Every structure is written in structure tokens, then in C-alpha cells.
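J.: This is the structure I want to talk about, given as C-alpha cells.
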Amino acid sequence: MKVSKLAIIAVLGVISYGATAATGNNGKITFNGEVVDSPCNLAPGQDGMDVKVPFGQLSLSQLNANVVTAKKFQIHLENCNLTGKTADITFASTDLLSGKNLLTTHGAATGLGIAISGIIFGTAKPIIGMNPTGDNILTYTAEAKKADTATNVTVGNFEATTNFVIAYK
């Protein structure tokens, strides 16, 4: 009887240890989105609603010599049904360098601005050549350049933002 009591205690100890060891991590998963009445959907993530354009490290001497650094970026549209419709895109920002078509940069670096090639901020531009059904990738070129009004560009991090609106007609 003594052996069986010890065996039971040992088994219970192993079982209770296993129960505490099985307790793992926990967390929360949030699902979200937006229901829209639009001929196309913006792809979620990097190339959709929140596009990031990493310029990386830019050469101070090149910027001060008025060399423009260009970086392509894309806006992905999914599940389009554009039959009989056209689309315009407007890049809008109130944070422009005075009298210039350049986004103001914020951060330690000064004297530079960001343009989007072929775009006038606040002006609608027709989107040409869209696939009427399926997915579309809109490609643009951002340009980091010395601002006309700047004596010199200074070193440091920078950031600029603009919103975009795609209007369907």
C-alpha cells in the first residue's frame, strides 16, 4: 500500500507539472477593415492604403549639387470593375514649400523637399491605361531634391507625407 501511495503522489506531481507547463502565451487578434462602394479596392499594407517610400541614405554633396534622387513607388488596386468608368488621382497636401510644388520635409535634415514626377499637388490627374476588370498597379516616382530656396541641405533624418484620393467617374 505504501508503494502505491508513493506512485500515486508521483503521478499526480507529474500531471500537475504538465498542466502548468502547458500554460502558454496568450494574446488578442483584431480583425478590421472598411466597407466601401468603390469600383476598386486599395490593397492593404505596404502598397495600398499606407504606402511607404524609403529613400535610405542620400548623399549630402549630391543634394547640394542639385542632383535629384528618384524612387519609384506603387499604389495597388484590387478587384476593379471599371466598365464604363474613368479615374483621376489627386495627391493633396497643405504642407508644401511656399510657392513650390515640393512637400515640406520634417526632421533634422533641412533644405530639401519631395516632389512626385508629373504631379501637381492638389490637381486631379487622369489615370491612363487602367485594366477595367481585375487588379491595377499605379506607379509613380518620388524625387528628393534640394529646395530652390535653400542655401544648403543639412544632414539628418527627414519625412514628408501626402494624401491621395482616387475619384471614379
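J.: Residue by residue through region 48-64, note down the ones that are surrounded by fewer than 10 Cβ atoms within 10 Å (Cβ to Cβ) and not charged (D, E, K, R).
T.: Pro54, Gly56, Gln57, Ser61
J.: Give region 67-90 a look and list any residue that's more than 22 Å from Glu159 (Cβ to Cβ) and polar (S, T, N, Q), or say none.
T.: Asn79, Asn81, Thr83, Thr86
J.: Further question on the same structure: Residues in region 118-141: is at least one without any contact (Cβ under 8 Å) to a residue 24 or more places away in the chain and under 17 Å from the mean Cα position of the chain (by Cα)?
T.: No, that holds for no residue.
J.: Would you tally the residues in region 154-169 being farther than 25 Å from Asn136 by Cβ and not in a loop (DSSP other than H, G, I, E, B)?
T.: Here the count works out to 1.
J.: Pick from region 125-148 the residues that are assigned to a loop (DSSP other than H, G, I, E, B) and closer than 20 Å to Val68 by Cα: which of them is modelled with the lowest pLDDT? Even if it seems obvious, please write down each step before you answer.
T.: Pass one, region 125-148, residues assigned to a loop (DSSP other than H, G, I, E, B): 127-132, 147-148.
Next, only the ones that are closer than 20 Å to Val68 by Cα stay: 147-148.
On the way: Ala147: 92, Asp148: 87.
The residue in question is Asp148.
J.: For region 68-92, which residues satisfy the criterion of being touching a residue at least 40 places away in the same chain (Cβ under 8 Å), in a loop (DSSP other than H, G, I, E, B) and not hydroxyl-bearing (Ser, Thr, Tyr)?
T.: Keep residues of region 68-92 that are touching a residue at least 40 places away in the same chain (Cβ under 8 Å), which gives 68-83, 85-92.
From the residues that got through so far, the ones that are in a loop (DSSP other than H, G, I, E, B) too are 68, 82-83, 85-86.
If the condition is that a residue be touching a residue at least 40 places away in the same chain (Cβ under 8 Å), in a loop (DSSP other than H, G, I, E, B) and not hydroxyl-bearing (Ser, Thr, Tyr), then Val68, Leu82, Lys85 are the ones that fit.
J.: Within region 150-159, is there a residue that is within 17 Å of Val53 (Cα to Cα), touching a Gly at 6+ places or on another chain (Cβ under 8 Å), charged (D, E, K, R) and crowded, with 16+ Cβ neighbours inside 10 Å?
T.: For region 150-159, residues within 17 Å of Val53 (Cα to Cα), touching a Gly at 6+ places or on another chain (Cβ under 8 Å), charged (D, E, K, R) and crowded, with 16+ Cβ neighbours inside 10 Å: absent.
J.: Please work out which residue is farthest from Met130 (Cα to Cα), limiting yourself to region 75-92 and to residues that are buried (at least 16 other Cβ atoms within 10 Å of the Cβ) and not aromatic (Phe, Trp, Tyr).
T.: Restricting to residues being buried (at least 16 other Cβ atoms within 10 Å of the Cβ) and not aromatic (Phe, Trp, Tyr), the top hit is Thr90.
J.: Looking only at region 93-124, filter to residues that are modelled with pLDDT of 90 or more and exposed (fewer than 13 other Cβ atoms within 10 Å of the Cβ); which one of those is nearest to Val155 (Cα to Cα)?
T.: Applying the filter and picking the extreme gives Ala108.
J.: Give the number of residues within region 103-117 that are assigned to a loop (DSSP other than H, G, I, E, B) and either within 14 Å of Ala70 (Cβ to Cβ) or within 19 Å of the chain's Cα centre (by Cα) (or both).
T.: Number of matching residues: 3.
J.: Of the residues that sit in region 160-169 and are surrounded by 15 or more Cβ atoms within 10 Å (Cβ to Cβ) and either of a type in the set (A, V, I, L, M, F, W, C) or free of Cβ contacts under 8 Å to residues at least 60 places away in the same chain (or both), which one is farthest from Ile89 (Cα to Cα)?
T.: Filtering first and then ranking leaves Ala160.
J.: Across region 25-67, which residue is modelled with the lowest pLDDT among those that are outside any loop (DSSP other than H, G, I, E, B) and among the aliphatic types (A, V, I, L, M)?
T.: First, the residues of region 25-67 that are outside any loop (DSSP other than H, G, I, E, B): 41-42, 60-64.
Now narrow it down to the ones that are among the aliphatic types (A, V, I, L, M): 42, 60, 63.
On the way: Leu42: 83, Leu60: 93, Leu63: 95.
Step by step, filter region 25-67, then rank; the result is Leu42.
The values are calculated or read from the model by the stated rules, or taken from the named source; none is laboratory data. Since this is a predicted model, take the numbers as computed values, not measurements. Don't worry about glycine lacking a Cβ; one is built from the backbone with ideal geometry, like all the others, and counts go over all protein chains shown.
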